[in-house]
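Working notes, structure below.
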Amino acid sequence: MGRGRQKAKHTKVARELKYFSPDTDLSALQSELGGGNPRLEEDLEKWPEFAAEESDDDTEDEAQSA
């Protein structure tokens, strides 16, 4: 394959990638950004020592900002 064909093929692929816009699942994005993540709550129930560490970090941050 010559350089001209190779460059044209790469240009075509690059253009497809640049302008390709997949459909966005807005409901999944909203649930992820909304903070109501049930999986996170399940994980914290399985490993309560990590939940305790997070709450300790929160209280330290509040004490430093006050």
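The values are calculated or read from the model by the stated rules, or taken from the named source; none is laboratory data. Quick caveat: nothing in here was measured; it's all calculated off a predicted structure. Cβ atoms come from the backbone with ideal geometry, glycine included; neighbour counts cover every protein chain shown.
Based on what the data block shows, is Thr11 in a helix (DSSP H, G or I) and either out of contact with any Pro (no Cβ under 8 Å at 6 or more places or on another chain) or at pLDDT 80 or above (or both)? So Thr11 passes the test. Here Glu53, Glu16 are screened, and the one residue that is at pLDDT 80 or above and charged (D, E, K, R) is Glu16.
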